[in-house]
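For reference, the structure discussed in these notes is given below.
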Amino acid sequence: MHNTVNHCFMDFINFNKDLPFSDRLQSPYYQLGFICSVQAVPEIVELEDWLSYLWLPREKIQFDNETQATHYAQQILLIANEINELYSQAIPLTSLNSLQWLDQQQQLTQNGVDFAEGFLMAIEQFNEQWLRVSHNETTQNLLQTTILLLTKLIPEQESHSSLSSVFEQLPETAEILSILPQLMSQLAFVAAEHGSSETSL
C-alpha cells in the first residue's frame, strides 16, 4: 500500500497533464490542494458536492463520453481515498515532496502557490462543516495554523498590510513546506475524531 501511496500524488499530476479537457480544469496542484483539504473536512463530503470546484470558474463539467467521465471520476476517487487512508492513521503527506515547490533561489514556485490556493478554497467552501467543530480548541488551533501558513505562501496576501505583522512571526517558506505534510494530516485526524463524536450526539 505504501508503494502506491508514494506514487499517487505524482500519478495524479501526470494524469491531469494527459487529459483532453485539461485546459478547462484548475491547475493540477490546485486540484491536489483542494482534494487534500476536502478530505480533511470533519465529515464526509460526497464527490458530487465538490467535483465542480476542480473546474475553472464558469466552466461546466462536460465529458466527450461516459467512458471518459467514469475514468476521470475513478482517478479522483483514487487519490481522495489514498489521502483519506493516510489521514485516518495521521501519516504525514511526505510524498507530496513539498520542498520541491522551491526554486533554486528558495522562492516558492507556482505549484506551491496553486496548492495553497486550492487547499484554502476548500476550507472556504466547506466552512459550515468546520464551524460544527468550532468548540474544539485543538481542531481550531490546527485549522487556524494551517490557514495562516498557507495564506503566507500566496504572494498577494504577503503584501497585505493588516497581515504583515502576523506573517513576520510565522516560519519562512521552506520551514512552512517542511511542516505542512504533518500539519495537514494531524488536522484531518483530529477533525475526524471530533466530527464523528459530534455526529453521534
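The values are calculated or read from the model by the stated rules, or taken from the named source; none is laboratory data. Because the structure is a prediction, the values reported are computed rather than measured. Glycine also receives a Cβ, built like all others from the backbone with ideal geometry; neighbour counts cover every protein chain displayed.
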Hits in segment 10-62 (condition: more than 23 Å from Ala191 (Cα to Cα), of a type in the set (Ser, Thr, Tyr) and surrounded by 19 or more Cβ atoms within 10 Å (Cβ to Cβ)): Ser27, Tyr29
Mind listing whichever residues of segment 86-107 are farther than 18 Å from Phe34 by Cβ and either aromatic (Phe, Trp, Tyr) or assigned to a helix (DSSP H, G or I) (or both)? Ser88, Thr94, Leu99, Gln100
Listed by first then second residue, the pairs whose first member lies in segment 58-70 and is closer than 16 Å to Asp23 by Cα and free of Cβ contacts under 8 Å to residues at least 40 places away in the same chain, whose partner is aliphatic (A, V, I, L, M) and assigned to a helix (DSSP H, G or I), with beta carbons under 7 Å and at least 6 positions apart or on separate chains, are Ile61/Leu51
Looking only at residues in segment 97-148 that are among the charged types (D, E, K, R) and touching a helix residue (DSSP H, G or I) at 6+ places or on another chain (Cβ under 7 Å), which one is modelled with the lowest pLDDT? Arg132
Tell me, yes or no, whether segment 115-134 has at least one residue that is of a type in the set (Ser, Thr, Tyr) and either touching a residue at least 60 places away in the same chain (Cβ under 8 Å) or surrounded by 20 or more Cβ atoms within 10 Å (Cβ to Cβ) (or both). no
Any residue at all in segment 74-97 that's loosely packed, with under 15 Cβ neighbours inside 10 Å, touching a residue at least 12 places away in the same chain (Cβ under 8 Å) and under 15 Å from Leu150 (Cα atoms)? no
Being surrounded by fewer than 12 Cβ atoms within 10 Å (Cβ to Cβ), polar (S, T, N, Q) and either at pLDDT 90 or above or more than 20 Å from the chain's Cα centre (by Cα) (or both) is true for just one of Ser178, Ser197, Ser159, Ser185. Which residue is that? Ser159
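Regarding Pro42, is this residue within 26 Å of Leu149 (Cβ to Cβ), in a loop (DSSP other than H, G, I, E, B) and under 15 Å from the mean Cα position of the chain (by Cα)?
Yes; evaluated as a whole, the condition is true for this residue.
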